[in-house]
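Just below is one structure, and these are the notes that go with it.
The values are calculated or read from the model by the stated rules, or taken from the named source; none is laboratory data. Values in this document were obtained by computation on a predicted structure and should not be read as measured data. Cβ placement follows ideal geometry from the backbone for every residue including glycine, while neighbour counts extend to all protein chains displayed. Just so you know, the surface numbers come from the protein's heavy atoms only, side chains and all, with ligands and any DNA or RNA stripped out. Shrake-Rupley method; radii C 1.70, N 1.55, O 1.52, S 1.80 Å.
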Amino acid sequence: MVVDARGLRCPAPVIRLARAAKDAPVGSTLTVLATDPAAVHDVPAWARMRGHVMVEATQADGVHSLTVRTQA
């Protein structure tokens, strides 16, 4: 699942990711796309606090792609 948060400022990317994760089955992979540089720190912190796993973080053309796997 992809959560498009491009153009949104903190904390909107994490809020959108949290909403998507709430309804996702355990083990789902969610990728948030964000242009806000704060998402690079906010998404991994949110994942740790919620017990999820950061899978990958990349950046291309000003867009950060942060992938999280949901856990129980």
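Whether any residue in the stretch 30-44 is farther than 16 Å from Ala20 by Cβ, among the β-branched types (Val, Ile, Thr) and within 10 Å of the chain's Cα centre (by Cα) is what I want to check.
yes
Check off (1) closer than 21 Å to Gly62 by Cβ; (2) surrounded by 15 or more Cβ atoms within 10 Å (Cβ to Cβ) for Ala21 and give me the number that stays unchecked.
Every listed condition holds for Ala21 apart from (1).
If only one of Val40, Val3 is without any contact (Cβ under 8 Å) to a residue 40 or more places away in the chain and either open to solvent by less than 50 Å² (accessible area, probe 1.4 Å) or aromatic (Phe, Trp, Tyr) (or both), which one is it?
Working: Val40 fails: either open to solvent by less than 50 Å² (accessible area, probe 1.4 Å) or aromatic (Phe, Trp, Tyr) (or both).
Result: Val3 is the single residue among Val40, Val3 that is without any contact (Cβ under 8 Å) to a residue 40 or more places away in the chain and either open to solvent by less than 50 Å² (accessible area, probe 1.4 Å) or aromatic (Phe, Trp, Tyr) (or both).
Going by the conditions given, is Val26 touching a His at 6+ places or on another chain (Cβ under 8 Å), open to solvent by 30 Å² or more (accessible area, probe 1.4 Å) and of a type in the set (Val, Ile, Thr)?
Details: touching a His at 6+ places or on another chain (Cβ under 8 Å): no; open to solvent by 30 Å² or more (accessible area, probe 1.4 Å): yes; of a type in the set (Val, Ile, Thr): yes.
In short, no.
Look at Arg48 and say whether it is in contact (Cβ under 8 Å) with a residue 40 or more places away in the chain, open to solvent by 70 Å² or more (accessible area, probe 1.4 Å) and farther than 19 Å from Arg9 by Cβ. I'd like the intermediate steps shown before the answer.
Values: in contact (Cβ under 8 Å) with a residue 40 or more places away in the chain: no; open to solvent by 70 Å² or more (accessible area, probe 1.4 Å): yes; farther than 19 Å from Arg9 by Cβ: yes.
Considered against the rule, which asks whether it is in contact (Cβ under 8 Å) with a residue 40 or more places away in the chain, open to solvent by 70 Å² or more (accessible area, probe 1.4 Å) and farther than 19 Å from Arg9 by Cβ, Arg48 comes out as no.
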